[in-house]
Amino acid sequence: MPASAPQVKSVEVDEESAGQRLDNFLLRQLKGVPKTHVYRIIRSGEVRVNKGRASADTRVEAGDVVRVPPVRLSERVAEKAEAMAGLVARGAPAREFPVLFEDEAVLAVNKPAGVAVHGGSGVSFGVIEQLRMARQYQQAGGAKFLELVHRLDRETSGILLVAKKRSALKSLQDQFRERETGKTYLALVVGQWPANKKVLDKPLHKYLLEDGERRVKVVAKDDPDGMKSVTLVKVKERSSAPVGPAAQGYSLLEVTIKTGRTHQIRVHLASEGLPIVGDDKYGDFELNKALQKQADGAALKRMFLHAWRLQFNHPASGERIELLAPLPPELDKFLAHAMSAHA
């Protein structure tokens, strides 16, 4: 396929891009172009800011005009860009999700289970791409900026935070990194969770299976590959008698994570011998199969893990915000069945 035809562009810096380094600004303008090439055209003076030369660490301001020189994409990158354009032209999915909170800076949606938060790993589109399509391509004057603040596993439902401004993205990501947010999940596990087991802090190590799929395991505290991981657990409700195939009954847990490791909750709970119901990676596979076949509307065909509560400081006002996402109907229905015998 022919490579993309190069053209000179003059790009005016908007308010949301103000304060960015020139190299980062260009990397967003020239998606798919290798970083080495971006730095080369800056050094050569082909990039101009308000008609003058500038260095990579120059901060651009609102109203600045940046000359972006002709850049010829490699054939491979051009083919990838054309393939993505073809997906858009063929009507790639545009979708809105249930809104829990929205203003000019922040959007919080209730993500359903089974939907990835972003494309990749064999998935063309996730929540963020579908939101962008719905808001930018189908609505006049739609949102110019939508970026994920954090992530949820595809199998996990619940609160997902999206920034609508670059300044909001930085503020919220800083809060997540500094552990200033409160993230609490609802998880249903097989068995009776011990009341004294409130803090789980075993280090976790991420690795790949032979087929390239990622997995996580608990390692010794002195293992150099282990990453510090802290999970707080509180019993919310429990069933004391067998319900369906689960001879040990169930425990509904409020799980608050202080670190955001891959599969952290799933691995920490499973490592205590009480896996999440329906977990197809770390759970009780035989029980999961039995639960999928239950009659009378009591079947469970997904993992019972839901991002239930999220607390953060609003990036503009500083106000402490608390969001709650109710359990989706399929989990609510199964929970009623599972808790039909109470402690």
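Just so you know, all these numbers are worked out from the coordinates, no wet-lab data involved. A quick note: this is a predicted structure, and the numbers were derived from the prediction, not measured. Heads up, the Cβs are rebuilt from the backbone with ideal geometry, glycines too, and the neighbour counts pull from every protein chain shown.
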When N counts the residues of the range 179-338, how does its alpha-carbon radius of gyration compare numerically with 2.2 N^0.38 Å, as a ratio? 1.10
Net charge dipole size for the chain [Lys, Arg +1 and Asp, Glu -1 on Cβ; Debye, nearest 20]: 680
List the residues of the range 30-70 whose backbone N lies under 17 Å from a point placed 7 Å from the Cα of ASP14 along the Cα-to-Cβ direction. 30-31, 60-66
Computed label-point distance, nm, for sites ALA195 and ARG215 using a 7 Å Cα→Cβ extension: 3.6
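Multiplying the sequence separation of HIS118 and PHE176 by 0.36 nm and subtracting their Cα-Cα distance, what value in nm do you get?
19.0 nm
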Translational diffusion coefficient, Stokes-Einstein: compute it for the range 9-74 using the Kirkwood radius over C-alpha pairs as Rh, at 4 °C and 1.567 mPa s, and state it as an integer in µm² s⁻¹. 111
Measure of compaction for the chain (Cα Rg per 2.2 N^0.38 Å): 1.17
Point-charge dipole on Cβ atoms (K/R +1, D/E -1) for the range 9-74, about Cα centre, debye to 20: 460
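About the Cα centre of the range 264-343, how large is the charge dipole given +1 on each Lys and Arg Cβ and -1 on each Asp and Glu Cβ? Please answer in debye to the nearest 20.
Approximately 120 debye in magnitude.
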From the cross-link list LYS221/LYS301; LYS221/LYS281; LYS170/LYS234; LYS236/LYS301; LYS206/LYS289; LYS228/LYS333, which pairs have alpha carbons spaced over 29 Å apart? LYS221/LYS301; LYS170/LYS234; LYS228/LYS333
What number comes out for the charge environment of SER271, summing +1 per Lys or Arg and -1 per Asp or Glu over other residues with Cβ under 10 Å away? +2
Among DSSP beta bridges lying fully in the chain, give the percent that are antiparallel, nearest 5. 95
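Quick one: length gained pulling LYS228 to GLU319 fully straight, 0.36 nm per residue minus the C-alpha distance?
Full-extension gain reported as 29.8 nm.
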Per-residue ellipticity at 222 nm attributable to helices in the chain (runs of n ≥ 4 DSSP H, -39500 (n - 2.57) apiece, nearest 500 deg cm²/dmol) works out to -6500 deg cm²/dmol
